[in-house]
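Participant: Supplied in structure tokens, the structure appears directly below.
The values are calculated or read from the model by the stated rules, or taken from the named source; none is laboratory data. Only a predicted model underlies this, so the values are computations on that prediction, with no experimental measurement involved. Ideal geometry is used to build each Cβ from the backbone, glycine not excepted, and the neighbour counts take in all protein chains shown. Remember, those area values only see protein heavy atoms, side chains included, never the ligands or the DNA or RNA. Shrake-Rupley method; radii C 1.70, N 1.55, O 1.52, S 1.80 Å.
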Amino acid sequence: MAELRVDTREILESVKNVPALSPGASQLLSVIGGGDYKVADIVRVIENDSALTANVLKVINSAAIGLRREVNTVHEAVAYLGDTKIIGIALASSSGDTFNKELPGYHGSRGDLGRHCLWVAIAARELARNTDGKVDPGIAFTAGLLHDIGKAVISDFMVELVPEILDRVGNVEESDHLEAERSMMGTDHCEIGGALAGRWQMPMTLIEGILHHHRPAGAPEEVRAMAYVIHLADTLAMMQGFDTGVDSLQYTFDPAYTDHVNLKSQGLEGLVLDVQIDYRSTAEALFGDEQENEE
Amino acid sequence: MSVVTLGIGEYGVVKNPGDVIKTHALGSCVAIIILDPTTRSIGMVHVALPESKVHPARAEKLPGYFADTAVPVLLQMMKGMGAAGNLKKLVVKLTGGANVMDKNNTFNIGKRNALAIKKALWQQRMGAVAEEVGGTISRTVTVAVDDGKVVVTSPGREPLNI
Ligand SMILES: [Fe+2]
Ligand SMILES: [Fe+2]
């Protein structure tokens, strides 16, 4: 065990400095996290938030979507985009700079976190469709989008620790990057993400998904299948190069996802390609061309 | 003078002084780099998966995505640059193909990518002279026409010439 290098309380304190989500976005998350929602519920929440409505209409009418005529109602937009893309728009447009932050403690560039989370979200949604209904695709997408949000907070405290963390993981003094975060800072990006999600008043299911995405076996039974889905989606994202920097592929992989996801390795390879294609069109619609060019 | 950055499944070639070709964050993907000392052109492809049979229709549109279709398309491109009848003189290098931290190695797309590429090269009676593959690090590779050096970098680590 390494000596603590950072005051853990200071990190937890700094969670409070992250701006709150817009009311519309947090309402949307609680509707989705509650499960059993209908498209009409999503439409209603968006319509009650004028900024969110404006953003949804801006994206649906953007060149990336390529519709021939203008769409003027949220209802139509949701019908075209599907509920998961709407969740993406809501979070991307109401979480301020959080997803777009540079991650100096991970050597991650501006936009890496948002791209990684979007890839994981799409992969998690597709994996959820192969769980015999155990995991709701909308919840999986949302939890995927949020899973690494703790990095936006903890990164600033890790800047000086990067070389030592890499060494310790490389020399197997720590089992993986998460273990190293924990032993040097007394906390890790999962726990901080969970704290932030709590502050954003997210439903418990989403918080659990964030907390357990690197150690899915430890998730409470009701959410364990979802934790494995996020865990696998995260691993696939890093394998495909959608990572957030130095921690890429530096996490212990738990192969017991096979208890929850009905895909053999060839099925997963097919899924990776589908995710990649969906990611391209979604990223363009959500982030615009500017971010795609950084790839 | 131009900088060509390849996305997943893309391939390209550069040959003018000052030109650079690169691809970022390979993860378990493998970059095949082909240098032609005669024409001084440099080709590269960013391969994501070992076998096109998981998605034959997609392989037609995006042949660089799969190892078995990427090798022929890259060689075709090099021939187009003037390497015709001269394939033996081409210098092939590989990098990427990282694995996840998994003791049981259940999940080895990285390793399978590298093997599938080697197999496709053998079928053309070719082989790689240098490789920096495997492990659990995600790599970025950059090659400049001016010096022909294949430089592999990873965040937080020293660059490596292969
Ligand atoms: Fe994570
Ligand atoms: Fe992640």
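Participant: At 7 Å along the Cα-to-beta-carbon direction for both residue A:281 and residue B:123, put a label point, then send me their distance in nm to one decimal.
Facilitator: 3.1
Participant: List the relative contact order of chain A as a percent without decimals, with contacts defined as Cα pairs under 8 Å and 6+ residues apart.
Facilitator: Working: 448 pairs, mean separation 70.5, N = 295.
The normalised contact order for chain A reaches 24 percent.
Participant: Right, here's the next one. Keeping all protein chains in place, calculate the accessible area per residue for segment A:195-290 (probe 1.4 angstrom), answer in Å². Before the final figure, lay out each step's value.
Facilitator: Details: 3180 Å² over 96 residues.
It amounts to 33 Å² per residue over segment A:195-290.
Participant: Another question, if that's okay. Taking 20 Å² as the minimum loss, tell me which residues in segment B:118-139 lose that much accessible area going from the chain by itself to the full protein complex (1.4 Å probe).
Facilitator: Listed by number, the residues meeting the 20 Å² cut-off are B:136, B:138.
Participant: Name the residue farthest towards the positive end of the dipole of chain A from the options A:165, A:248, A:135, assuming +1 on Cβ of Lys and Arg, -1 on Cβ of Asp and Glu, about the Cα centre.
Facilitator: Value: A:135.
Participant: Also, I was wondering about something else. When you count, for each residue, the other Cβ atoms within 10 Å and take the mean per peptide, how do B:114-123, B:46-55 rank with the highest first?
Facilitator: Details: B:114-123: 18.7, B:46-55: 23.0.
Descending packing order for the listed peptides: B:46-55, B:114-123.
Participant: Still on this structure, I have one more. Give the B-A buried accessible area in Å², both sides summed, 1.4 Å probe, nearest 100. Mind dumping the intermediate values first?
Facilitator: Working: alone 8520 and 12960 Å², together 18770 Å².
Buried surface at the B/A interface: approximately 2700 Å².
Participant: To the nearest 500 deg cm²/dmol, what mean residue ellipticity at 222 nm is calculated for chain A from DSSP H runs of n ≥ 4 alone, each contributing -39,500 (n - 2.57), summed and divided by the residues? Don't skip to the answer; put the middle values down first.
Facilitator: Working: 16 runs with 178 residues, N = 295.
So the helix-based figure for chain A works out to -18500 deg cm²/dmol.
Participant: Let me ask something else about it. Among A:22-34, A:48-60, A:140-152, how do they line up from the highest to the lowest mean number of other beta-carbon atoms within 10 Å? Mind dumping the intermediate values first?
Facilitator: Values: A:22-34: 20.8, A:48-60: 18.1, A:140-152: 28.1.
Highest-to-lowest ranking by the protection proxy: A:140-152, A:22-34, A:48-60.
Participant: Out of all DSSP beta bridges in the protein assembly as shown, what portion is antiparallel? Express it as a percent rounded to 5. Walk me through the numbers before you get to the answer.
Facilitator: On the way: 28 of 38 bridges.
Of those bridges, close to 75 percent are antiparallel.
Participant: Taking K and R as +1 and D and E as -1, what net charge do the other residues with C-beta under 12 Å from the C-beta of residue B:135 add up to? Please list the in-between numbers first.
Facilitator: Values: positive: B:111, B:139, B:157; negative: B:131, B:132.
Combined, the nearby Lys, Arg, Asp and Glu give +1.
Participant: When the Karplus curve 6.51 cos²θ - 1.76 cosθ + 1.60 is applied with θ = phi - 60°, which whole-Hz ³J(HN,Hα) does each residue of segment B:127-144 get, with x for Gly and Pro?
Facilitator: Each residue of segment B:127-144 in turn: x, 8, 8, 8, 8, 9, 10, x, x, 10, 10, 8, 10, 10, 10, 9, 10, 10 Hz.
Participant: Moving to a separate point now. P(r) for segment B:3-161, please, calculated from all Cα pair distances in 10 Å bins and given in %.
Facilitator: Taking all Cα pairs of segment B:3-161, the binned fractions are 12, 43, 36, 9, 1 percent.
Participant: Mind giving me the FRET efficiency for residue A:160 and residue A:54? R0 is 30 Å, r the Cβ-Cβ distance, nearest 0.05 is fine.
Facilitator: Numbers: r = 41 Å, r/R0 = 1.38.
Computed FRET efficiency for residue A:160 and residue A:54: 0.15.
Participant: What does the structure give for A:266-277 when I average, per residue, the other chain Cβ atoms found within 10 Å of the residue Cβ?
Facilitator: Details: counts 5, 1, 4, 10, 5, 1, 8, 11, 2, 0, 8, 3.
The shielding value for this peptide is 5.
Participant: Given the protein chains as shown and a 1.4 Å probe, how many square angstrom of residue A:190 are accessible, to the nearest 10?
Facilitator: Using a 1.4 Å probe on the heavy atoms, I get roughly 10 Å².
Participant: State the extension gain, in nm to one decimal, for the chain segment bounded by residue A:75 and residue A:4, taking 0.36 nm per residue of separation less the distance between their alpha-carbons. Let's see the in-between values first.
Facilitator: Numbers: separation 71, 0.36 × 71 = 25.56 nm, distance 5.14 nm.
Contour length minus the Cα-Cα distance gives 20.4 nm.
Participant: Calculate the spin-label point distance for residue B:102 paired with residue B:16, positioning each point 7 Å from the Cα along the beta-carbon direction, and give it in nanometres.
Facilitator: 4.4
Participant: Cα centroid distance between segment A:21-73 and segment A:83-103, in Å?
Facilitator: Cα centroid to Cα centroid, the span is 13 Å.
Participant: Taking the Cα-to-Cβ direction at residue A:41 and at residue A:68 and moving 7 Å from each Cα, how far apart do the two end points lie in nm?
Facilitator: Output for this residue pair reads 3.6 nm.
Participant: Could you look at segment B:3-161 and say what percent of its accessible area is carbon and sulfur, using a 1.4 Å probe and all protein chains? Write out the running numbers ahead of the final one.
Facilitator: Numbers: 3570 of 6880 Å².
Roughly 52 percent of what the probe reaches on segment B:3-161 is carbon or sulfur.
Participant: So how strong a dipole does the protein assembly as shown carry about its Cα centre when Lys and Arg Cβ are +1 and Asp and Glu Cβ are -1, to the nearest 20 debye?
Facilitator: Details: 42 positive and 58 negative charges, 378 e Å.
Magnitude of the dipole: close to 1820 debye.
Participant: Something else: Net charge near residue A:225: determine it from the other residues with C-beta under 12 Å of the C-beta of residue A:225, scoring Lys and Arg +1 and Asp and Glu -1. Show your work: numbers first, answer last.
Facilitator: On the way: positive: A:134, A:224; negative: A:132, A:136, A:208, A:221, A:222, A:259.
Charge balance in the 12 Å sphere: -4.
Participant: With θ taken as phi - 60° and the coefficients 6.51, -1.76 and 1.60, list the Karplus ³J(HN,Hα) couplings across segment A:21-31 in order, rounded to whole Hz; mark glycine and proline as x.
Facilitator: 6, 5, x, x, 5, 6, 5, 4, 5, 6, 4
Participant: Can you give me the % of accessible surface on segment A:1-132 that is carbon or sulfur? Probe 1.4 Å, all protein chains present, nothing else counted. Walk me through the numbers before you get to the answer.
Facilitator: Values: 3020 of 6270 Å².
Ligands and nucleic acids excluded, carbon and sulfur reach 48 percent.
Participant: What is the distance in Å between the Cα centroid of segment A:124-177 and that of segment B:96-132?
Facilitator: Cα centroid to Cα centroid, the span is 26 Å.
Participant: So, one more: Holding the Cα-Cα limit at 19 Å, pick out from A:16/A:101; A:58/A:85; A:58/A:101 the pairs that are longer than that. Display every interim value, and only then the final one.
Facilitator: Numbers: A:16/A:101 16 Å; A:58/A:85 13 Å; A:58/A:101 23 Å.
A:58/A:101, as the Cα separations exceed 19 Å there.
Participant: If you don't mind, another one. Roughly how crowded by other chains is peptide B:61-73, in terms of the mean Cβ count from those chains within 10 Å of each of its Cβ atoms? Present the calculation step by step, with values, prior to reporting the outcome.
Facilitator: Values: counts 0, 3, 0, 0, 3, 2, 0, 0, 0, 0, 0, 0, 0.
Per-residue shielding by partner chains comes out at 1.
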